[in-house]
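J.: Could you have a look at this structure, given as structure tokens, before my questions?
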Amino acid sequence: MARDWTDLFITDRPGGTVAQAEAAPSEEERRGFFRRLRQNMRKTREALAAEVHATLFEGDLDEETWERLEEALIYADVGAKTTAEVVERLEQEAQEGQLVGGEQLTGRLAELLAQLARTGDEHIDIRPKPTVILVVGVNGTGKTTSIGKLAWHLRKTLGQEVVIGAADTFRAAAVEQLERWGERAGCDVIKGPPGSDPGAVAYDA
């Protein structure tokens, strides 16, 4: 997993690495975003860990146990489909005797979630021209801020030409936030009228 912005992007520079520009942020600043991301996820992680521990380490493994585990994972935004797959797999392996006790179940749960979270290459290849980065996710997960950070580092650290497409046309605040990030990064922001077709904005961008 990329630990900072210089690890995240694959460029056409020698070795595919990001050269340090004079205006590039310090090592501490570059790592700060990823550290804050981990810190922001801390409450969710701790709450999920506590519920999983209470579910898998206490009492028998019955139907209520698996329902509680499903509920905990869904509350942690794991997603209904993924939750169903993970819990079904855990229940099957427990019934077959492959997993015994809360420690083995918890370890296997973490392993399954990690496998499902992997998307293949963990880097963003910006060598193709143009490179399109599509950002999607549920509300409140930091999409707008992440887009702004990506734009800033692509523009200021790598000197790339960047255009932001504000396709969330149903939330005015999102467009305003992206416009502010665009000003900071020095890049254009393409937007449409409130409530307009997001696909049209993406096409224009």
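J.: May I ask you to verify whether ASP168 is assigned to a loop (DSSP other than H, G, I, E, B), charged (D, E, K, R) and surrounded by 15 or more Cβ atoms within 10 Å (Cβ to Cβ)?
T.: Yes: the conditions hold for ASP168.
J.: Does THR119 satisfy being surrounded by 13 or more Cβ atoms within 10 Å (Cβ to Cβ) and either more than 16 Å from ALA166 (Cβ to Cβ) or modelled with pLDDT under 90 (or both)?
T.: So THR119 does not fit the description; no.
J.: So, GLY59, is that one over 28 Å from LEU154 (Cβ atoms), assigned to a loop (DSSP other than H, G, I, E, B) and at pLDDT below 70 or not?
T.: Considered against the rule, which asks whether it is over 28 Å from LEU154 (Cβ atoms), assigned to a loop (DSSP other than H, G, I, E, B) and at pLDDT below 70, GLY59 comes out as yes.
J.: What's the number of the condition LYS156 fails, among (1) closer than 22 Å to ASP7 by Cβ; (2) touching a strand residue (DSSP E or B) at 6+ places or on another chain (Cβ under 9 Å)?
T.: Looking at each condition in turn, LYS156 falls short on (2).
J.: Please state which of the following conditions VAL78 fails to meet, knowing it meets all the rest: (1) assigned to a helix (DSSP H, G or I); (2) closer than 29 Å to ASN139 by Cα.
T.: Unmet condition: (1).
J.: Here is a further query. Please find, among LYS149, LYS156, the residue that is outside any loop (DSSP other than H, G, I, E, B), outside the structural domain of ILE74 (by TED's automatic domain parsing) and within 22 Å of the chain's Cα centre (by Cα).
T.: LYS149
J.: Hey, any hits in the stretch 137-159 for a residue that's touching a Lys or Arg at 6+ places or on another chain (Cβ under 8 Å) and surrounded by fewer than 14 Cβ atoms within 10 Å (Cβ to Cβ)?
T.: Within the stretch 137-159, one or more residues are touching a Lys or Arg at 6+ places or on another chain (Cβ under 8 Å) and surrounded by fewer than 14 Cβ atoms within 10 Å (Cβ to Cβ).
The values are calculated or read from the model by the stated rules, or taken from the named source; none is laboratory data. Keep in mind the model is a prediction, meaning the values are calculated, not measured. Positions of Cβ are generated from backbone atoms using ideal geometry, with glycine treated the same way; all protein chains shown enter the neighbour counts.
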